[in-house]
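**Student:** Before we start, here is the structure in question, set down as structure tokens.
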Amino acid sequence: MSNWGGQKKGGMSCAVFPVVVVLRIHFSPQDLARTRISPRPHPMWEALLSLYRLRRRDGEIVFDEWRGSVRPKVPSSTRLLTTLVPQSGYAADFLTPMTENFCLAEGLEALRRTPKRRLRADLSVLGRDRRLPAWATTLADGRADAVGQIADAVDQYFTACLAPYWTHIRGRVDQEHARQAQLVAEGGFERLFADLHPSARWHYPVLCLSYPVDQDLHLGGRGLRLVPSFFCQGMPTTLLDGDLEPVLLYPIGHTVGWSTGDRTRPLASLLGRTRARVLETIGERPCTTSEVARRTDTSLPTASQQASALRAAGLVASRQNGQSVLHSITSLGLALLAGATQ
């Protein structure tokens, strides 16, 4: 996979996305008809992308607690994976096989069946700018025991570092799928693409997204599988090999303190539970007053009152957005959220 999207990450609220190099996805009418949003997280992709989050310092507010919790539990076999998923540049496409049901068992089985030509091609790309260990030669030869070791390493890493949080991860992707399906129902793919990522620009028949390298993805009537990703951070990512099933992973919003289940208590004593939850909700992504009310399970007047109080304190900024008011968190609000999780 290119998985370049795993690099050059930053907090979504302050990220600056370059416009010089882009990923261009070329659609036809058939491609739009065949484009779909995944209702579930992809365990193989989440395992791979979480390896970036584990080793990098991006997304401190939402990932630091998870990093601190899982680092002592990381299996020793994970070193095999970090060779195939370096901290920058290309990561092997064969690690994220697309399966019908998006379940770990199917993904691991598909990985074990990776053809020799795919292994050789991906390891050849991986070895262009780094020296690979001797065992990579055995892997490139397609030996079942070597491929099995990689699959076992993914399984062990997932079990130790992702499985305890999978219910929450799946729940967040479910929510994002429902929200984006509603966008398509209301405004078609034009509305969805505009919401997909801050850098997204849709001018039929091409969707452009900021990307660390210049890349074109021609769908050729196959459609595009859109996969909301929990551990994708900053830019979207896709596969390098355009002959593989077209897929686009893109980041979703997060709840501060998700890995501990204690998201608002540090702020509750300072702001009150409802106001703390409103601040956290706006911190996940900009939202209207009605969205704040829906996501915090409060009335519209209460959501408006709490947002006004947070705005008066300099924690939230609000602006008119058509018939609605759009609220976004300020740098002071982000700092308060960050401090509450330390």
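A quick yes/no check of all residues on (1) hydroxyl-bearing (Ser, Thr, Tyr); (2) at pLDDT 95 or above; (3) assigned by TED's automatic domain parsing to the domain that holds residue 49:
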{"residue": "158", "(1), (2), (3)": "no, yes, yes"}
{"residue": "178", "(1), (2), (3)": "no, no, yes"}
{"residue": "182", "(1), (2), (3)": "no, no, yes"}
{"residue": "210", "(1), (2), (3)": "yes, no, yes"}
{"residue": "231", "(1), (2), (3)": "no, yes, yes"}
{"residue": "240", "(1), (2), (3)": "no, no, yes"}
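**Student:** Okay, next question. Among 216, 195, 174, which is the only one that is among the acidic types (Asp, Glu), farther than 30 Å from residue 76 by Cα and in contact with a His (Cβ under 9 Å, 6 or more places away or on another chain)?
**Tutor:** One residue alone meets the criteria, 216.
**Student:** Right, next: Look through the range 207-222, keep the residues that are surrounded by 14 or more Cβ atoms within 10 Å (Cβ to Cβ) and touching a Lys or Arg at 6+ places or on another chain (Cβ under 6 Å), and return whichever of them is nearest to residue 176 (Cα to Cα).
**Tutor:** Of everything passing the filter in the range 207-222, 208 is nearest to residue 176 (Cα to Cα).
**Student:** Do we have residue 92 as surrounded by 17 or more Cβ atoms within 10 Å (Cβ to Cβ), more than 20 Å from residue 250 (Cβ to Cβ) and not hydroxyl-bearing (Ser, Thr, Tyr) here?
**Tutor:** For residue 92, the condition - surrounded by 17 or more Cβ atoms within 10 Å (Cβ to Cβ), more than 20 Å from residue 250 (Cβ to Cβ) and not hydroxyl-bearing (Ser, Thr, Tyr) - is met.
**Student:** Can you name the residue in the range 177-222 that is in contact with a helix residue (DSSP H, G or I) (Cβ under 7 Å, 6 or more places away or on another chain) and of a type in the set (A, V, I, L, M) and, of all such residues, is farthest from residue 36 (Cα to Cα)?
**Tutor:** Ranking the candidates gives 213 first.
**Student:** Does residue 83 satisfy being surrounded by 14 or more Cβ atoms within 10 Å (Cβ to Cβ) and free of Cβ contacts under 8 Å to residues at least 60 places away in the same chain?
**Tutor:** So residue 83 passes the test.
**Student:** Still on this structure, I have one more. Take the residues in the range 310-331 that are among the polar types (S, T, N, Q) and over 19 Å from residue 255 (Cα atoms), then tell me which one is surrounded by the fewest Cβ atoms within 10 Å (Cβ to Cβ).
**Tutor:** This residue is 323.
**Student:** Are any of the residues in the range 180-190 under 16 Å from the mean Cα position of the chain (by Cα) and closer than 24 Å to residue 102 by Cα?
**Tutor:** Checking the range 180-190: at least one residue is under 16 Å from the mean Cα position of the chain (by Cα) and closer than 24 Å to residue 102 by Cα.
**Student:** Can you tell me which of 285, 311, 273, 265 is modelled with pLDDT of 85 or more and charged (D, E, K, R)?
**Tutor:** The match here is 311.
**Student:** Would you point out the residue of the range 223-255, among those that are hydroxyl-bearing (Ser, Thr, Tyr) and in a loop (DSSP other than H, G, I, E, B), that is surrounded by the most Cβ atoms within 10 Å (Cβ to Cβ)?
**Tutor:** 238
**Student:** Any residue that is under 21 Å from the mean Cα position of the chain (by Cα), in the same structural domain as residue 245 (by TED's automatic domain parsing), in contact (Cβ under 8 Å) with a residue 24 or more places away in the chain and part of a loop (DSSP other than H, G, I, E, B) - is there at least one of those in the range 113-121?
**Tutor:** Scanning the range 113-121, I find no residue that is under 21 Å from the mean Cα position of the chain (by Cα), in the same structural domain as residue 245 (by TED's automatic domain parsing), in contact (Cβ under 8 Å) with a residue 24 or more places away in the chain and part of a loop (DSSP other than H, G, I, E, B), so the answer is no.
**Student:** Moving to a separate point now. Name every residue in the range 126-150 that is touching a Leu at 6+ places or on another chain (Cβ under 7 Å) and within 18 Å of residue 85 (Cβ to Cβ), in order of residue number.
**Tutor:** 126, 132, 136, 139, 140, 146, 147, 149, 150 - these are the residues of the range 126-150 that are touching a Leu at 6+ places or on another chain (Cβ under 7 Å) and within 18 Å of residue 85 (Cβ to Cβ).
**Student:** Condition check: in contact (Cβ under 8 Å) with a residue 24 or more places away in the chain and under 13 Å from residue 148 (Cα atoms). Does residue 95 satisfy that?
**Tutor:** Here the answer is yes, as residue 95 does meet what is asked.
**Student:** Considering only the range 56-96, how many residues are modelled with pLDDT of 95 or more, more than 17 Å from residue 163 (Cα to Cα) and part of a helix (DSSP H, G or I)?
**Tutor:** 9
**Student:** Condition (residue is part of a strand (DSSP E or B), in contact with a helix residue (DSSP H, G or I) (Cβ under 6 Å, 6 or more places away or on another chain) and free of Cβ contacts under 8 Å to residues at least 60 places away in the same chain) applied to the range 306-323: is it met by at least one residue?
**Tutor:** yes
**Student:** Filter the range 159-217 down to the residues that are part of a loop (DSSP other than H, G, I, E, B) and among the hydrophobic types (A, V, I, L, M, F, W, C), then identify the one that is farthest from residue 237 (Cα to Cα).
**Tutor:** Out of the qualifying residues, it is 162.
**Student:** Against the definition (touching a strand residue (DSSP E or B) at 6+ places or on another chain (Cβ under 7 Å), hydrophobic (A, V, I, L, M, F, W, C), touching a residue at least 40 places away in the same chain (Cβ under 8 Å) and surrounded by fewer than 19 Cβ atoms within 10 Å (Cβ to Cβ)), how does residue 334 come out, yes or no?
**Tutor:** When the stated conditions are applied, residue 334 does not pass them.
The values are calculated or read from the model by the stated rules, or taken from the named source; none is laboratory data. Given the structure is predicted, the values throughout are model-derived calculations rather than measurements. Every residue, glycine among them, receives a Cβ derived from its backbone with ideal geometry; neighbour counts consider all protein chains shown.
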